[in-house]
Amino acid sequence: MGTGAIAISLPFSCVLGLLSSMTSSTMVKSRFIWIYASCQFAMVVLFAHIFYSLVHVQAVLSILLATFAGFGVVMSGSSILVEFFRWRRRWQASSEQQHGPLPITQAG
């Protein structure tokens, strides 16, 4: 595509970077931002490859669809993990409340 590729990719990369940093900083704790952002980037790249190479969608539409799909998959996965860990914590707390704390044994 020549110089047209730069003209198309520059605005998209700026907008995608801004969206990615906003969602990473609001969705996860600060120590997990890099993991979340890396997964988000990987999903966007994977979906862009699928839409552009395999489905043969136009480049601009492929980038937009990949952005929505990648962000959506990672946000949904993150929300599912958070809810699972909350459920597990509640379940363990109610189990300890009913049965009492587990006895601590010393090895040796």
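The values are calculated or read from the model by the stated rules, or taken from the named source; none is laboratory data. Since we're looking at a predicted model, the values are computed, not measured. Here the Cβ positions follow ideal geometry from the backbone for every residue, glycine too, while neighbour counts run over all protein chains shown. Keep in mind that these areas ignore ligands, DNA and RNA; they rest on the heavy atoms of the full protein, side chains included. Shrake-Rupley method; radii C 1.70, N 1.55, O 1.52, S 1.80 Å.
Of everything in the range 22-52, what is open to solvent by 70 Å² or more (accessible area, probe 1.4 Å) and not in a helix (DSSP H, G or I)? Give them in sequence order.
Within the range 22-52, Lys29 is the sole residue that qualifies.
Of (1) outside any helix (DSSP H, G or I); (2) at pLDDT 90 or above, Val57 satisfies all except one. Which?
For Val57, the failing item is (2).
Looking at Gly17, Gly77, can you tell me which residue is within 22 Å of the chain's Cα centre (by Cα), open to solvent by less than 50 Å² (accessible area, probe 1.4 Å) and modelled with pLDDT of 85 or more? Reasoning before the result, please.
Details: Gly17 fails: modelled with pLDDT of 85 or more.
When all the criteria are applied, what remains is Gly77.
Return a yes/no flag: does the range 87-97 have any residue that is surrounded by fewer than 17 Cβ atoms within 10 Å (Cβ to Cβ) and in contact with a Ser or Thr (Cβ under 9 Å, 6 or more places away or on another chain). Reasoning before the result, please.
We begin by selecting, within the range 87-97, every residue surrounded by fewer than 17 Cβ atoms within 10 Å (Cβ to Cβ); these are 87-97.
In the following step, the residues that additionally are in contact with a Ser or Thr (Cβ under 9 Å, 6 or more places away or on another chain) were identified as none.
Among the residues of the range 87-97, not one is surrounded by fewer than 17 Cβ atoms within 10 Å (Cβ to Cβ) and in contact with a Ser or Thr (Cβ under 9 Å, 6 or more places away or on another chain), which makes the answer no.
Inspect all residues belonging to the range 58-67 and state whether any of them is without any contact (Cβ under 8 Å) to a residue 24 or more places away in the chain, open to solvent by less than 60 Å² (accessible area, probe 1.4 Å) and β-branched (Val, Ile, Thr).
Looking for residues that are without any contact (Cβ under 8 Å) to a residue 24 or more places away in the chain, open to solvent by less than 60 Å² (accessible area, probe 1.4 Å) and β-branched (Val, Ile, Thr), one finds none in the range 58-67, hence no.
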